[in-house]
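The values are calculated or read from the model by the stated rules, or taken from the named source; none is laboratory data. Note that the coordinates shown come from a computational prediction; the quantities given were computed from them, not determined experimentally. Ideal geometry is used to build each Cβ from the backbone, glycine not excepted, and the neighbour counts take in all protein chains shown. Only protein heavy atoms, including side chains, enter the accessible area calculation; ligands, DNA and RNA are left aside. Shrake-Rupley method; radii C 1.70, N 1.55, O 1.52, S 1.80 Å.
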Amino acid sequence: MKKVLLKIDGMTCSACSNGLEKYLNKQEGIKQASVNLVMNNASIEYDEKILDIPQIEKFVEKAGFESLGIDRLEKEKKKASNEKYKLIALTILAILILYISMGQMVGLPIFDILNMHHNPIYFAVVQFVLSMIAIILGRDILKNGYKNLVHKTPNMDTLVGLGVISSLLYSLYNTYLIFAGDTEAVHHLYYESIVIILFFIKIGKYVEGRNKDKTKEAIQDLMMITPNLATIEKDGKQKQVTLDEIQKGDIVICKPGEKIAVDGEILDGTTHIDESFITGESVPVKKTVNDKVIAGSINYDGVIKYKAEKIGKESTVSEIVRMVVEATNTKAPIAKIADTISGYFVPAIIIIAVLASIVWAILGKDIGFIINIFITVLVVACPCSLGLATPLAIVMASGLASRNGILVKSSESLENAHKIKTIVFDKTGTLTKGHLSISKIFNYSDLKEEDIIEAVANIENHSEHPIAQGIVKYAEEKHIQMDSKEVTDFKNISGYGIEANYDKANYLIGNKKLMLENNIDINKTIKENQMNDDETLENDGNSILFVAKEHMLIALIGVKDIIKENAKEVVDKLKKQNIQTVMLTGDNEKTAKAIGKSIGIETVIAGVVPKQKAEEITKLKENGLVMMCGDGINDSISLVKADIGVSVGSGTDIAMDSSDVVLMKDNLDKINDLIKISKKTMRIIKQNLFWAFFYNICMIPIAAGILIPLGITMNPMFAAFSMTISSVTVTLNSLRLKNI
Ligand code: AMP
């Protein structure tokens, strides 16, 4: 049996992927095929004696799709550049057709062959050809519009499709008239509006689609989280192997700083393991014989041997990948305002066109006249600037957001952030710093606090313990000098702490037991009123370090994962806007509740694994739109599941790839800025949509023939003029999105 991962082209929905999967599984020689819609690939296990890869690719073709060869999980660029070329082509077409159709009206020079009065036939045919090319380039828009019409959910694309088809029919009819000798019909050609509207809509789609493939990258990153190689022990010998060579029951060796390769159980050794990516627990946990380890977690300070238990698809990481994919497939799109409006506008226009036709029929007009009225209404109703109304505002707003440290990856999030009802925060790394840090120091000496930290941090720099790493990080953040003085005789006293000489003085740093073992009389330094200092630190959730210099206790240092400075202020601001705040964490309830209380978060849900986190999001979505704010791998499913996923810039790549918005400066207050920008953007988009539709709506009664009794019929110049004015208005209005 062999396995291959093929990249598949042509799948658009779950019906495609399910169909292909069923088809492949029916073929002789294929043991098992699973098709992934999000990743656009198929993982196929096959009997190499019966089949080879080209034969499998033929099956894919027969099922109606295309195999693009072996999927090496590289990040895709191809599709984006295809869209870019289409847009460039449409831009050229738009310029050409505008020049040909409008240029001569304003007196621009033109080849005589295209002169509307001298050569009306060429004039019409060339425009027809240009508009047909535009229709081919924009056929996906028309297809989508048709699909939505059939499903009775007409959207922006349906409106565009309707406009394009009616403009084409109307122009074809008038082209026929030109051929028949009616040269006046040159004034009734609308080929240019076909090209212009497709051009505007394509720009819009291109702008909005730029960062769409986010989840794909998240899944690719997740797959990379396990190391490529591992050391296994066989027959007393150590051997480096790749992950797929590891079998259940193999003994794997993991050294400090390495990642756990597969899920398993420790057989020998003790260490601290950072499992925060699954559990959200900020502090690496101590693990020893019989404890379970998870693939992808990081081994801190000890050598361990563990037995491989869950490999491949069964592993915890694979399960997260599967759930991220599921969340993507089930994520219901949030309605975009332009689509919502089109949903009403399309039926309304059709009704008006039908009504006008009926009225003229009753008034006894002939069928030619009636068809003319019907199509003219549809033609003038189609707002060309509709395609620009939203994207232009979104581009301006994205620029504004990024100048404010907010990277907006999905434009829907800008349209919807102001409608959020609930904001869910992950605890570790989002509300807290995500690593241990010094929260408080009780100084019992006449040394300066910085000097104590400098000594402790320089010594801890030689230790791999999680506490040590937290202290070093704190010192770095505070720009405390490192490595200026020598650390000698460093000793790790396992289970107690450390001992070393720094600047020629002896230091002992560790727990109370370490002090007692070394006969350090704590009471000699601590005064009566300071007796409860250690309890104070402990009640506040700290690990306590006793620091002794030359066998005299000089300080107590409280170490914990500390809350980010402005977390409370951010939550307060959100609550003032009637947004419900929730904390969702894999950490234990006691710590979570304490932090929730100090920040002012109303609802705290603790002890949840990634899957449960996502389920909680689903429940919260019943009350309205949910924003999830997280940073870790354990948040990735929830970030995809939430209506808007927000990750903080200091977070993992996977979280950033799963989210719609990235806060680049690790500052939670940016959420409030995002909401403000969203509010302003929505205001501008609504105004833009008003202006996009306004002139066209004004034209509809004229198109329907209301002014015919006064001798005024629809003049294509009016329609062209309204198109230009609305585009200019929309553009100028969008430029107002310069400041929050
Ligand atoms: P362990 O069992 O390795 O987690 O260590 C037990 C206790 O020893 C810790 O909770 C600390 O109080 C102390 N300890 C161990 N290593 C260090 C260190 N590098 N710095 C300070 N305290 C330490």
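Yes/no per residue for (1) surrounded by fewer than 24 Cβ atoms within 10 Å (Cβ to Cβ); (2) at pLDDT below 85; (3) in contact with a Gly (Cβ under 7 Å, 6 or more places away or on another chain); (4) hydroxyl-bearing (Ser, Thr, Tyr):
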{"residue": "Val377", "(1), (2), (3), (4)": "no, no, no, no"}
{"residue": "Cys382", "(1), (2), (3), (4)": "no, yes, yes, no"}
{"residue": "Gly387", "(1), (2), (3), (4)": "no, yes, yes, no"}
{"residue": "Ala393", "(1), (2), (3), (4)": "no, no, no, no"}
{"residue": "Met396", "(1), (2), (3), (4)": "yes, no, no, no"}
{"residue": "Ala401", "(1), (2), (3), (4)": "no, no, no, no"}
{"residue": "Lys409", "(1), (2), (3), (4)": "yes, yes, no, no"}
{"residue": "Asn416", "(1), (2), (3), (4)": "yes, no, no, no"}
{"residue": "Lys421", "(1), (2), (3), (4)": "yes, no, yes, no"}
**Request:** Pairs only if they're at least six apart or on different chains, beta carbon under 8 angstrom, first in region 512-525 and free of Cβ contacts under 8 Å to residues at least 40 places away in the same chain, second assigned to a loop (DSSP other than H, G, I, E, B) and within 15 Å of the ligand (Cβ to nearest atom); list them, first residue then second.
**Result:** Lys513/Gly495; Lys513/Tyr496; Leu514/Tyr496; Glu517/Tyr496
**Message:** Every residue in region 683-740 that is part of a helix (DSSP H, G or I), at pLDDT below 85 and loosely packed, with under 13 Cβ neighbours inside 10 Å, please.
**Reply:** Met717
**Request:** Can you tell me which residue among Ser402, Ser445, Ser398, Ser463 is farther than 30 Å from Glu615 by Cβ, more than 16 Å from the ligand (Cβ to nearest atom), of a type in the set (Gly, Ala, Ser) and assigned to a loop (DSSP other than H, G, I, E, B)?
**Result:** Ser445
**Request:** Please name all residue pairs, on different chains or six or more residues apart, with Cβ atoms under 6 Å, provided the first residue is in region 543-558 and is in a strand (DSSP E or B) and the second residue is more than 14 Å from the ligand (Cβ to nearest atom) and small (Gly, Ala, Ser).
**Result:** Lys549/Ala505; Ile554/Ser445; Gly558/Ser439
**Asked** With region 240-296 as the region, which strands (runs of 3 or more DSSP E) entirely inside it contain at least 2 residues that are within 16 Å of the ligand (Cβ to nearest atom) and open to solvent by less than 10 Å² (accessible area, probe 1.4 Å)?
**Response** 271-274
**Message:** Which condition from (1) away from the ligand (no atom under 16 Å from the Cβ); (2) of a type in the set (S, T, N, Q); (3) under 47 Å from the mean Cα position of the chain (by Cα); (4) modelled with pLDDT of 90 or more is the one that Asn511 breaks?
**Reply:** (1)
**Request:** Within region 549-567, identify whether any single residue is open to solvent by less than 40 Å² (accessible area, probe 1.4 Å), touching a strand residue (DSSP E or B) at 6+ places or on another chain (Cβ under 6 Å) and away from the ligand (no atom under 16 Å from the Cβ), and answer yes or no.
**Result:** yes
**Prompt:** Can you tell me how many residues in region 117-163 are more than 31 Å from the chain's Cα centre (by Cα) and either of a type outside the set (Val, Ile, Thr) or buried (at least 21 other Cβ atoms within 10 Å of the Cβ) (or both)?
**Reply:** 15
**Fill in**
Residues of region 529-539 being more than 14 Å from the ligand (Cβ to nearest atom) and either open to solvent by 90 Å² or more (accessible area, probe 1.4 Å) or among the aromatic types (Phe, Trp, Tyr) (or both), in sequence order, are Asn529, Asn532, Glu535, Asn539
**Request:** Give me the pairs, please: first residue somewhere in region 284-295 and closer than 25 Å to Val559 by Cβ, second residue anywhere and away from the ligand (no atom under 13 Å from the Cβ) and open to solvent by 50 Å² or more (accessible area, probe 1.4 Å), beta-carbon distance under 8 Å, and either six or more positions apart or on two chains.
**Result:** Pro284/Ile298
**Tabulated pairs, region 485-500, first over 20 Å from Thr271 (Cα atoms) and more than 10 Å from the ligand (Cβ to nearest atom), second among the polar types (S, T, N, Q) and not in a strand (DSSP E or B), C-beta under 7 angstrom, 6+ apart or interchain** = Lys485/Asn458; Val487/Asn458
